[in-house]
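> Pasting a structure here, questions to come.
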Protein chains: 2
Amino acid sequence: MRISELSQDAGVPVATIKYYLRERLLPEGVLTSPTQAQYDTVHVDRLRLIRALLGPGGLSVAAVRRVLGAIDEPPEAMHELLGAAHEAASETQDAPVDRAAAIALCERLGWRVSRDCEGIGRLAESLAGLEAARFGVPEGMIEHYAATMRSVAEAEIAGTPEGSVEEVVRYVVLGTVLVEPLLLALRRLAQQDAAVRTYDP
Amino acid sequence: MRISELSQDAGVPVATIKYYLRERLLPEGVLTSPTQAQYDTVHVDRLRLIRALLGPGGLSVAAVRRVLGAIDEPPEAMHELLGAAHEAASETQDAPVDRAAAIALCERLGWRVSRDCEGIGRLAESLAGLEAARFGVPEGMIEHYAATMRSVAEAEIAGTPEGSVEEVVRYVVLGTVLVEPLLLALRRLAQQDAAVRTYDP
């Protein structure tokens, strides 16, 4: 199909498609003349994926490029793959923070995680943020958060599709990026429901 | 204290403090001469809060201004307060999406939530994102996500401090903004732990 048809099929303006081509998010089509290229369903699928990552996924163009890279050239071991997915899906972090509290928390929880992975960096940053804002998390609450996220993660890893590496990477990367806003939206709605039931039964 | 002492106490450069003053994030000090003002511990606390919201909270200056507004002038009813906190903590959303699927999900879950709240908009957007990316969430997984977030939210609402309205707003707003990155970091680490145990025991 031509770029105009690709635009219609995927519901993305031609100018935007050209931008994604320039930014190397979308692979080039097959040239049929010096000024015309042919595209196929691979491009339609990729365009939909880019839109989902940029929109609800909330990623930057650079992060989308990394995510697509992880899908196109996946590492082999599952835990490396998970690390690559997490890193690909992460925006660059600010100034490095002290990781000691985050490492200690994971040890207390008995979690087998790499000390220098990006998740520890994120945990360290969020703990430092709570501390800086003098936000006292109620007693036992961090453990409750950890237990619920553990239950989510176990179900997610157990649900990993048995298929090609590409499918697994897609599941892991998109599961990280696209499910995060879903979880946060559900938490806010559940808070609303719990507040209504508690204060306004 | 003078602005230079405030800078030292809060660990924020003078130029940054002046920027926050111009942006009306930080209240003016008390003028002691046409070019000099006095600041106190209220300013130190507020500066720490601003830094936490901009840094780990990941909010924009505009969103921080809204959050501080919700803390300074809180609504009275608890569920309104929660809504104000959620809205204050939200960046402007993109194009409106169809809310039907999100509303239907909340009805299926039996959650008492307002159909036009920002949480429904977020849920709708994240569901649309999963759909657009052709990401098949495994059977029953959305219900599992909802149940875990419900358990988190119940504990959070039950943990609301009994204090002044300001304290409650602070708990709700900061609990929304600062706990979100904590939950997501814990999920990523728990995935890593679950993957190591499953694939590399």
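> Report, by residue number, each residue of the stretch A:152-192 that is farther than 18 Å from A:H86 by Cα and buried (at least 22 other Cβ atoms within 10 Å of the Cβ).
Of everything in the stretch A:152-192, those that are farther than 18 Å from A:H86 by Cα and buried (at least 22 other Cβ atoms within 10 Å of the Cβ) turn out to be A:A185, A:L186, A:R187, A:R188, A:L189, A:A190, A:Q191, A:Q192.
> Also: Given A:H43, A:H86, which one is modelled with pLDDT of 90 or more and at negative phi?
Just one listed residue meets the conditions, A:H43.
> Can you name every residue in the stretch B:25-40 that is in a loop (DSSP other than H, G, I, E, B) and either in contact with a Phe, Trp or Tyr (Cβ under 9 Å, 6 or more places away or on another chain) or modelled with pLDDT of 90 or more (or both)?
Of everything in the stretch B:25-40, those that are in a loop (DSSP other than H, G, I, E, B) and either in contact with a Phe, Trp or Tyr (Cβ under 9 Å, 6 or more places away or on another chain) or modelled with pLDDT of 90 or more (or both) turn out to be B:L25, B:L26, B:P27, B:E28, B:G29, B:Y39, B:D40.
> Would you mind telling me which numbered condition in (1) under 22 Å from the mean Cα position of the chain (by Cα); (2) surrounded by fewer than 21 Cβ atoms within 10 Å (Cβ to Cβ); (3) not hydroxyl-bearing (S, T, Y) B:G129 fails?
(2)
> Does A:T16 fit the bill of being modelled with pLDDT of 90 or more, open to solvent by 20 Å² or more (accessible area, probe 1.4 Å), part of a helix (DSSP H, G or I) and not charged (D, E, K, R)?
Spelling it out, A:T16 is indeed modelled with pLDDT of 90 or more, open to solvent by 20 Å² or more (accessible area, probe 1.4 Å), part of a helix (DSSP H, G or I) and not charged (D, E, K, R).
> Which one of A:D9, A:D45 is in a helix (DSSP H, G or I), open to solvent by 70 Å² or more (accessible area, probe 1.4 Å) and within 30 Å of B:A185 (Cα to Cα)?
Criteria check complete, one pass: A:D45.
> Does A:E143 satisfy the criteria of being of a type in the set (D, E), within 21 Å of the chain's Cα centre (by Cα) and within 20 Å of B:D193 (Cβ to Cβ)?
In short, no.
> Another question about this same structure. What pairs can you find where one residue is in the stretch B:8-23 and closer than 15 Å to B:G55 by Cβ, the other is in a loop (DSSP other than H, G, I, E, B) and β-branched (V, I, T), and their Cβ atoms are less than 9 Å apart, with a gap of 6+ or different chains?
B:Y20/B:V12
The values are calculated or read from the model by the stated rules, or taken from the named source; none is laboratory data. These figures come from a predicted structure and were not determined experimentally. All Cβ positions, even for glycine, are placed from backbone atoms using ideal geometry, and neighbour counts span all protein chains on display. Note: accessible area is taken over every heavy atom of the protein model, side chains too, but ligands, DNA and RNA are not part of it. Shrake-Rupley method; radii C 1.70, N 1.55, O 1.52, S 1.80 Å.
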